[in-house]
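See below for the structure under consideration.
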Amino acid sequence: TAHLVVIKGTSAWRGGGKGYSDLNKGELLQMMGRAGRPGFDTSGTAVIMTDNDSTRKFQNLTNGLEVVESQLMGKLIETLNTEISQSVITSAAQAIPWVKSTFFFVRVRKNPHFYGMQGKSEEQMDNYLMN
């Protein structure tokens with residue numbers, strides 16, 4: 001982490017077949033989230049350097065005007081397996097609190113329709129995640 005994060009450019013080379021494409025919202029927010037040193041700073045600063053055509057898009061993102069959804073659902077099994085292999089999660093009972101600590105769970109609560117969980121209780125969500 002650092003007090004200041006400078007993002008120099010908002011596109012990345014994706015290979016010969018794809019060329020340059022914009023960083024997705026999640027990648028950008030991940031980099032911005034590195035600003036501010038826990039235990040030392042109460043805030044951090046992120047500077048985004050982009051082209052004129054993209055300025056409005058990134059202003060909306062940083063001002064909270066664009067919604068960002070979690071992509072964890074598509075990689076949940078792989079991610080949980082990684083956490084298990086690293087002994088971060090050592091039992092099925094520990095998996096639920098781990099999932100509840102993620103951005104994914106926050107977004108499920110705010111936008112359950114996007115994740116196919118509309119109308120489900122917390123207990124039903126727990127059961128779904130356990131099976």
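The values are calculated or read from the model by the stated rules, or taken from the named source; none is laboratory data. Keep in mind that this is a model prediction, so the values were computed, not measured. A quick note on method: Cβ atoms are made from the backbone with ideal geometry, for glycine too, and the neighbour counts reach across all protein chains shown. When the accessible area is computed, the model is the full protein with side chains, heavy atoms only, and any ligands, DNA or RNA have been set aside. Shrake-Rupley method; radii C 1.70, N 1.55, O 1.52, S 1.80 Å.
Computed values, structure above
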item: Cα lying deepest toward the dipole's positive end in the chain, options Met32, Ser87, Phe104, charges on Cβ; result: Met32
item: Antiparallel DSSP beta bridges within the chain, percent to nearest 5; result: 35 percent
item: Degrees separating the helix 76-85 axis from the principal Cα axis of the chain, which is the longest one; result: 80 degrees
item: Helix-derived mean residue ellipticity, 222 nm - over the chain, DSSP H n ≥ 4, -39500 (n - 2.57), to 500; result: -11000 deg cm²/dmol
item: Surface accessible to a 1.4 Å probe, per residue, for the residues of the stretch 2-79, Å²; result: 70 Å²
item: Long pairs among Lys75/Lys120; Lys25/Lys120; Lys18/Lys120; Lys18/Lys57, criterion Cα-Cα beyond 32 Å; result: Lys18/Lys120
item: Sites excluded, trypsin sites (Lys or Arg not before Pro) in DSSP loops with at most 16 other C-beta within 10 Å, longest stretch of the chain; result: 35-119
item: For the stretch 59-131, size of Cβ-based charge dipole, Lys and Arg +1, Asp and Glu -1, in debye; result: 100 debye
item: Vicinal HN-Hα couplings computed from phi for the stretch 88-93 (Karplus, 6.51 cos²θ - 1.76 cosθ + 1.60; Hz; Gly/Pro x); result: 6, 10, 10, 7, 4, 5
item: Most fluctuating residue given options Thr82, Thr42, Thr102, as computed from a GNM of the chain linking Cα atoms under 10 Å; result: Thr42
